[in-house]
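Take a look at the structure set out below.
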Amino acid sequence: MGYALVQILNALSFSALLLLTGLGLSVVLSLMNFINLAHGSFYLLGSYVAVYWFASGAPWWLAFPMAFAAAALAGALLERFPFRGFYARTHLMQVLLTYGLSVIFADLMRWGFGAQILSPELPEALQGVVFLLDIPFPLYRLFIIAAGLVLGVLLWLLLDRTLWGAVVRASVSDRGMVEALGIDTRRVFAAVLVLSAGLGGISGALGAGMLAAYPGLDEEVLVLALITVVAGGLGTFRGTVAGALVVGFALTFSKLWFPEFANAAAFSAMAALLLLRPNGLVAPRQRQV
Amino acid sequence: MTAVLEIAGVSKRFGAFQALTDVSFEVQEGETLGLIGPNGAGKTTLFNLISGFLSPDTGSLRFMGEPINGLPPARRAARGLVRSFQKPMVFPALTARENIAMAARQRAGDGLRWLGARRALEAAEARANRLLAESELGRRGGERMADLSHGEQRMVDVLMSLALEPRLLLLDEPTAGLARAEAERLLEMVRRHDARTAVVLIAHDIEIVFGACDRIAVLDLGRVLCCGAPEMVRAHAAVRTAYLGALADP
Amino acid sequence: MLLAHRPAAAGLVAVAIALPALWAGEFHLRFLAEILIIGTAVMSLDLLVGFGGLVSLGHAAPFGLAAYAAAIASQSLGGNLLLVLPLGAATGMAVAAVMGAVILRTSHLFLLILTLLLGKIAWEIVFHWREVTGGADGLRGLPPLSLGPWELSDARSLYLLAAGLALAATTAARSFAAAPLGRALIGIREQPLRMTALGYSIPRIRFSAMLAAGAIAGAAGALYPFVNLYVGPQSVHWTLSATMIVMLVIGGVGSLWGAFLGSAAYLTVQTYVSSYTDRWQLFVGLVFVLTVLLLPAGIAGGLRSLVGGWAHGRNGNDRGA
C-alpha cells in the first residue's frame, strides 16, 4: 500500500516535470504554430544554472528565478533572430532550424560545463525524506509536485483569465484584426516565446535535483516533452496535463514492471495510445470539409 | 427511368445545431437536379453525407439500388459517385493535363501502378487531352494549374470529375465567380459529356439553376421545402416567401 | 528520365564512379562507400518526405535493423551478397510495414512523433537484447562479403558495390516517382481531400511508399556493416534519423539525387572537422542552421537555380514539401 503510494508520487513528480517542460513547448506550438526543438536546451541551461547557483551559497530559492531569467534571455535573443522569420514557415523547416540550434547549444554547453554528470548540492530545506505509511520518500520530489501544480495553475490563469492571455489568443486567431486594434502582435509573439523559454529554464532548475545535468539530457527531455504534448493532443492545456500524467506514469511503472525494456514498453504504450486516438487525448474536433 | 440516388429520411446534427432534418428525394439517371437554398440551409452538408465525408445520424442512402451508408468516400467515388468541392480543389503545382490524368488513371484502375507505368501514363494523358479538347482548353494543358485563370481552374476541376466517368456527379457551386456565359458553357459541357450521368447542382445564381435543371429541390433550415419541375418551384408559395423574394415579384 | 534515355548523363555518372575506383586510396574508397550507402538511405527518405510530405523521424529503424539482420545472418551463414542484400531489403520492408501500419491515419506532428517513438522502440530493443545484438558494443568480426567465387572485402570492391546499389536504387526510386503510384503520392501531399474524392485510398498509397522506401533503406543498411566492419546501436538511434533529414535538406528535398550531395557534405564536415577539433558537432549544427537560412532548397535546389530555366520546366513536378 505504502509502496504503491510512493510509486504513484514518484510518477506524479515526474509528470509535474514533464508538465512544466511540455507547457513551454506547447504554448509556442499551440499559440504560434511554432515547433521548437531547442526547448531541451533551455531546460538543460536551467539545470546548469541551478547546479552552480546551489553551489554558490547564495539564497537557494533564487536559483529558480535565475534559471527562468537565463533561459528567457536566451529565448529573447533567439526570438529576434532567427526564430521570428520562421513562424510562418513549414514545420519541416522549423524542425530543421531548431534541431540545428539545439546541436550547437548542446556542444557549447558541453564545452562550458564539461561532459560529466553534475548533481546539485540540494539546499538543506529540500533535503531529506518524509515517511509516508512508514516508507521514506524524498522531500524534493514533493517539492517538484507542488511547484508543478503552482506554476501550472499560474500559467493557466495567465493565459486563460487575463487580458494579456486574451490578446495572445486573439493574435493567433486573427492577427490582422488585433493589429488593427493597435496592438503589436510581433511583441506579443516575442513575449510568448520568452515565457516558453523561461518555463523551460525553470523546469530544468527543478529537474536538476531529480535528473542531474549532463550532455544529452537536453535531447532526452525534449523527446519526452514532445511525446507529452503530442499524446495530449497538441496544445490544449488540459491535453498537456493529461499527456504529462500518461507519460510520467507509463515511464515510472514500466521501469518497475519491465526493468530491462522499460522505455520500449513505455514507448509502445504511447504508440498504441496514439494509434487508438490519432489526434491525442484531448483533441479539438475538426471538420474536414 | 431508374433512380441513381435515393435519399430517405436523412438527418444530421452538429452539437446543438440541426443541420438536416428528414431529407428525402431521388435522383434519376440522366437528370439534372438543382439544389438551392439560402446560406446555411444544409446544401453542402447534404453533399458531404452523400459522398461519405460525413455520415448521417438517421436515414438511408442508396446508390444504384444498393445501400451505401458506411461506405468510405474513396469507395463511393470508385463506384461512380463523384463530387466536386465549393472551392476549386486542384493540384496547383501540377499541370492541367496531369490534374485530369490523375483522375483518369484512377478510373482506369491504374492509379497505384508502378510496373507497366508507361502505358498507363500514356493512356491517361490521351484521355486528359481529349477532355481538354472537348472543353476548348486544349492549348492550356501544359500550364501549371496555379497559372490558369479562375474560370479555367473551375473548368479543369469539373473535367477531373468527368474523367472519373461518374454515374452521379455532385457539383458544389461549380459556377461561383464565373461570368454568366462562362458558367453556362461549363454546365453545357457537363450535360453534353454523357447523357446518362445524373447531376446534382448547387448554385447561387438562380437563373442558371432554373435554366439548366430538369427538377429543383429547395432546402431551407435543413428541410426540403419542395422538389419538382422549375415552374412548380417558381409557383410554390413557401419558396416564394422563404427564398425567391424579390425574384418572384413581377 | 531514366539514365538509359540520357546517354550523356549516363556516361558522366559512369566516369564519376570509375575515377575514384582507379585513383582513390583505401581510406577514401571506404569513406565514399559510406557516403553512397547513407546517401541511398537518405534518398529513400526523400520518397517519403519530398514526394509524400511524410516527415519520418524514424528512418534509421529500417536502415539499422536491416544492418543488424544482415550482420547476424552473415555470422552463421557467411557473407553471401545474394543472401545479405535481399535479407536487408526484406527486413527494411518489414520494419517499414509495421511503421506504415501505425502511421496510416495520422499526419504532420503526430506522424513525426509516432515515427520517432517507433524508432526509439527499435533502438531500445537493439540496445538491450545483448545476446543477439551485442548491446552497446554492437557486432564485430563479420565475415567478408562474397559473390559466388569472388570475395568483396577490399575497399575497391565495396566502393563499386555501394555505387552499384546507389545507382540501382536511384533508378528504382525515379521510376517509382514517375509512375502513377509516385504521382498519387504527390497528390496526397498536395490535396489529400481531393484524392479521396477521386477514389484514391490514401492509406494504400502511404503504405506502398513506406514499403518502397523501407526496402531501399534496408538494402543500403545490409551493406553498411561490411563497409565499417562493425554495426552498433548508433545505426538505429533517432539522431541518425534526424541526421538523415538534415542530409536530405542540405542536399535538397524532392530531387532524389540531392540526397547523395547532402550525405557527402555532412559526412565530409563530420569527418574532416572532427580530425581538427573536438567541437565538430558545433560545426555540424552550424552547417545545418546555415543551410536552412541560406539554402532552403538545398544544394540541389541551389544548383538548379544556378542552371536556371534549363531545369525549371522539367522538374516542375517534383518540388519538395
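The values are calculated or read from the model by the stated rules, or taken from the named source; none is laboratory data. Note that the structure is a prediction, hence the values are computed from the model and not measured. Reconstructed Cβ throughout: ideal geometry from the backbone, glycine too, with neighbour counts over all protein chains shown.
The table below gives the values:
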{"read-out": "Any hit, region B:86-93, residues being farther than 14 Å from C:P192 by Cα, more than 7 Å from chain C (Cβ to nearest Cβ), in contact with a strand residue (DSSP E or B) (Cβ under 8 Å, 6 or more places away or on another chain) and surrounded by fewer than 18 Cβ atoms within 10 Å (Cβ to Cβ)", "value": "yes"}
{"read-out": "Tabulated pairs, region B:83-101, first without any contact (Cβ under 8 Å) to a residue 40 or more places away in the chain, second of a type outside the set (A, V, I, L, M) and in a loop (DSSP other than H, G, I, E, B), C-beta under 8 angstrom, 6+ apart or interchain", "value": "B:E98/B:F91"}
{"read-out": "Qualifying residue in region B:175-192 (condition: surrounded by 15 or more Cβ atoms within 10 Å (Cβ to Cβ), in contact with a Gly (Cβ under 7 Å, 6 or more places away or on another chain) and modelled with pLDDT of 90 or more)", "value": "no"}
{"read-out": "From B:R119, B:R113, B:R105, residue being within 13 Å of chain C (Cβ to nearest Cβ), without any contact (Cβ under 8 Å) to a residue 40 or more places away in the chain, out of contact with any helix residue (DSSP H, G or I) (no Cβ under 9 Å at 6 or more places or on another chain) and closer than 26 Å to C:P203 by Cα", "value": "B:R119"}
{"read-out": "Matching entry among B:R234, B:R154 (being modelled with pLDDT of 85 or more and on the phi < 0 side of the Ramachandran plot)", "value": "B:R154"}
{"read-out": "From the options A:L78, A:L23, A:L37, residue that is under 23 Å from C:T243 (Cα atoms) and within 14 Å of the chain's Cα centre (by Cα)", "value": "A:L37"}
{"read-out": "Within region C:91-119, tally of residues that are hydroxyl-bearing (S, T, Y), surrounded by 22 or more Cβ atoms within 10 Å (Cβ to Cβ) and either in a loop (DSSP other than H, G, I, E, B) or at pLDDT below 90 (or both)", "value": "0"}
{"read-out": "Search result, residues across region A:78-96 that are facing another protein chain (nearest Cβ under 8 Å), of a type in the set (A, V, I, L, M) and touching a residue at least 24 places away in the same chain (Cβ under 8 Å)", "value": "A:V95"}
{"read-out": "Failed item, numbered, when A:V241 is tested on (1) more than 14 Å from every other protein chain (Cβ to nearest Cβ); (2) modelled with pLDDT under 85", "value": "(2)"}
{"read-out": "Filter result (at the interface with chain B (Cβ under 8 Å from one of its Cβ atoms), outside any helix (DSSP H, G or I) and not polar (S, T, N, Q)) within region C:154-204", "value": "C:A179, C:L198, C:G199, C:Y200"}
{"read-out": "Identity of the residue in region C:246-297, part of a loop (DSSP other than H, G, I, E, B) and among the β-branched types (V, I, T), that ends up nearest to C:A16 (Cα to Cα)", "value": "C:V253"}
{"read-out": "Test for C:L3: is it in contact with a helix residue (DSSP H, G or I) (Cβ under 7 Å, 6 or more places away or on another chain), modelled with pLDDT of 90 or more and within 16 Å of C:A173 (Cα to Cα)", "value": "no"}
{"read-out": "Cβ pairs under 8 Å, 6+ apart, first in region C:277-292 and facing chain A (nearest Cβ under 7 Å) and at negative phi, second buried (at least 19 other Cβ atoms within 10 Å of the Cβ) and hydroxyl-bearing (S, T, Y)", "value": "C:V284/C:Y266; C:G285/A:S102; C:F288/A:Y99"}
{"read-out": "Complete set of residues in region B:85-110 that are in contact with a Ser or Thr (Cβ under 8 Å, 6 or more places away or on another chain) and more than 23 Å from C:R105 (Cα to Cα)", "value": "B:Q86"}
{"read-out": "Residue match in region A:105-122 (condition: surrounded by fewer than 21 Cβ atoms within 10 Å (Cβ to Cβ), under 18 Å from A:M210 (Cα atoms) and polar (S, T, N, Q))", "value": "yes"}
{"read-out": "Any chance A:Y99 is surrounded by 12 or more Cβ atoms within 10 Å (Cβ to Cβ), aromatic (F, W, Y) and facing chain C (nearest Cβ under 8 Å)", "value": "yes"}
{"read-out": "Residue in region B:192-213 that is touching a helix residue (DSSP H, G or I) at 6+ places or on another chain (Cβ under 9 Å) and of a type in the set (K, R) present", "value": "yes"}
{"read-out": "Qualifying residue in region B:14-25 (condition: charged (D, E, K, R), assigned to a strand (DSSP E or B), within 22 Å of B:V224 (Cβ to Cβ) and touching a residue at least 40 places away in the same chain (Cβ under 8 Å))", "value": "yes"}
{"read-out": "Test: residue in region C:120-141 that is more than 14 Å from chain A (Cβ to nearest Cβ), of a type outside the set (A, V, I, L, M, F, W, C), buried (at least 24 other Cβ atoms within 10 Å of the Cβ) and in a helix (DSSP H, G or I)", "value": "no"}
{"read-out": "Selection status of C:A212, part of a helix (DSSP H, G or I), under 28 Å from C:R105 (Cα atoms) and under 14 Å from the mean Cα position of the chain (by Cα)", "value": "yes"}
{"read-out": "Helices (runs of 4 or more DSSP H) completely within region A:154-249 that count 3 or more residues being in contact (Cβ under 8 Å) with a residue 60 or more places away in the chain and either in contact with a Gly (Cβ under 7 Å, 6 or more places away or on another chain) or under 23 Å from A:S15 (Cα atoms) (or both)", "value": "A:185-211, A:217-231"}
{"read-out": "Matching residues in region B:122-150 - criterion: being away from chain C (no Cβ under 14 Å) and charged (D, E, K, R)", "value": "B:R130, B:E134, B:E136, B:R139, B:R140"}
{"read-out": "Test result for A:F54, touching a residue at least 12 places away in the same chain (Cβ under 8 Å), over 23 Å from A:R186 (Cβ atoms) and under 17 Å from the mean Cα position of the chain (by Cα)", "value": "no"}
{"read-out": "Residue count for region A:124-140, restricted to those that are under 19 Å from A:M1 (Cα atoms) and out of contact with any strand residue (DSSP E or B) (no Cβ under 6 Å at 6 or more places or on another chain)", "value": "5"}
{"read-out": "Hits in region B:42-85 - residues which are assigned to a loop (DSSP other than H, G, I, E, B) and within 14 Å of chain C (Cβ to nearest Cβ)", "value": "B:G52, B:F53, B:L54, B:I68, B:L71, B:P72, B:G80, B:S84, B:F85"}
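For every residue, the table says whether it meets (1) touching a Ser or Thr at 6+ places or on another chain (Cβ under 7 Å); (2) among the polar types (S, T, N, Q); (3) at pLDDT 90 or above.
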{"position": "C:T239", "(1), (2), (3)": "no, yes, no"}
{"position": "C:I245", "(1), (2), (3)": "no, no, yes"}
{"position": "C:L267", "(1), (2), (3)": "no, no, yes"}
{"position": "C:T277", "(1), (2), (3)": "no, yes, no"}
{"position": "C:P296", "(1), (2), (3)": "no, no, no"}
{"position": "C:I299", "(1), (2), (3)": "no, no, no"}
{"position": "C:R304", "(1), (2), (3)": "no, no, no"}
{"position": "C:H312", "(1), (2), (3)": "no, no, no"}
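Every residue, every condition in (1) farther than 30 Å from C:A297 by Cβ; (2) surrounded by 15 or more Cβ atoms within 10 Å (Cβ to Cβ); (3) of a type in the set (S, T, N, Q), yes or no:
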| site | (1), (2), (3) |
| --- | --- |
| A:H39 | no, yes, no |
| A:S56 | yes, no, yes |
| A:A71 | yes, yes, no |
| A:G75 | no, yes, no |
| A:R80 | no, no, no |
| A:F86 | no, yes, no |
| A:A125 | yes, no, no |
| A:F131 | yes, no, no |
